[in-house]
Amino acid sequence: MTISQTTFRTGLSLGVFALTSLAASIPAVAVPVTAVSFDSSTLKQDTPPYQFSLGFTFTTGVNALSVTSIGYLNDGATGSQAIHQLQFYQITSGTAASPAAGTALFANPVSVTTVGSVPAYNTFSYTDLSSPLTLLANTSYEIVGNSNANGYGINAVNSVFTGINYGTTVYKVNTSTPDFDANTYGFNNIGDFGPNFKFEAVPEASSAIALGLMLAFGGLAIVARKRSVKS
């Protein structure tokens, strides 16, 4: 039995309605996710207080990430109200495990002012971005920040990386700017942190389209079945 134009339009309308309902069900405001978290870390305070650029590399997963804010570890002992400059780089040469070169993603570094009057080596202060920064799926990046001659966290306990695959810790000594860092610590030094960021996952458009098409054809099948039963 062939499906009439009326039946087709009815089924297609059901699919469109289902897809519209799906879009409406997606939360308008997503809760940002913290890229790195841990239970505690040890404050590393160099003497003399060197200017460091430090951070870590990572690779995104199957979803792109929309970075909403960028942060730096609170050093309540010596870094209260300290200003740190942070930058994202897309790794253009080398890998997350062995970065060689990168392209800056911010036209100008982002400033973050840390707060606190007591040591809190597992908390971060954040600056919200005026426009989200999109990190592409399955791509390697580096996030770095200048220490401003303040302490930074080492030996983080129970590190958890959400939405990203950790690469390596990077550093560059005697610099007051968040430069691209090619110097790396070994994997056993995981947990030497200054920078951090929050993001929202960007859903794959193909998944939503596929689901909409599935619902549309499902609507056609339902209408066709009802027509067959009536006949």
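Bear in mind that the values in this text are calculations on the coordinates, not laboratory data. Not measured: the values here are computed from a predicted model. Here Cβ is always computed from backbone atoms with ideal geometry, including for glycine, and neighbour counts include all displayed protein chains.
Worth a mention:
- Under the criterion of Cα pairs below 8 Å and six or more residues apart, the relative contact order for region 33-205 equals 42 percent.
- Ordered by the number of other Cβ atoms lying within 10 Å of each residue's own Cβ, fewest first, 115, 62 fall into the sequence 62, 115.
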